[in-house]
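Student: Got a structure here, written out as structure tokens. Questions coming.
A short reminder: the numbers here are calculations on the coordinates, not readings from a lab. What you see is a predicted model, and the numbers here were worked out from it, not measured in a lab. FYI the Cβ positions are ideal-geometry reconstructions off the backbone, even for glycines, and counts take in every protein chain you see.
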Amino acid sequence: MLDPHGMDPQTVLRFVKYVGGWPGRVFVVACEPEVVEDVGFGLSDPVTGALARAADVVLETVAELQAEPDLTPQAKDA
């Protein structure tokens, strides 16, 4: 049984492999909270300030991946 609150990257990738899939390369863009004692809703000022850069990193990474040649076996045989 999967626990959605315990879905760290290793667990997710293990599950994907178990069900017969594999995502290939995995890229993680993450944010670590400065203080974990404060429980509440919303984002801290440092996290809010980092959102634009994190979004840029995601978009830059997607663009780089899209620009790479397709090296899958099917693409080589075509």
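Student: Can you tally the net charge around Thr61? Count Lys and Arg as +1, Asp and Glu as -1, for every other residue whose Cβ sits under 12 Å from the Cβ of Thr61.
Tutor: On the way: positive: Arg25; negative: Asp56, Glu60, Glu64, Glu68.
Net charge around Thr61: -3.
Student: If you don't mind, another one. Could you sort the peptides 27-34, 50-57 by per-residue average Cβ neighbour count (10 Å cutoff), highest mean leading?
Tutor: On the way: 27-34: 9.1, 50-57: 11.5.
So the peptides 27-34, 50-57, ranked by packing, come out 50-57, 27-34.
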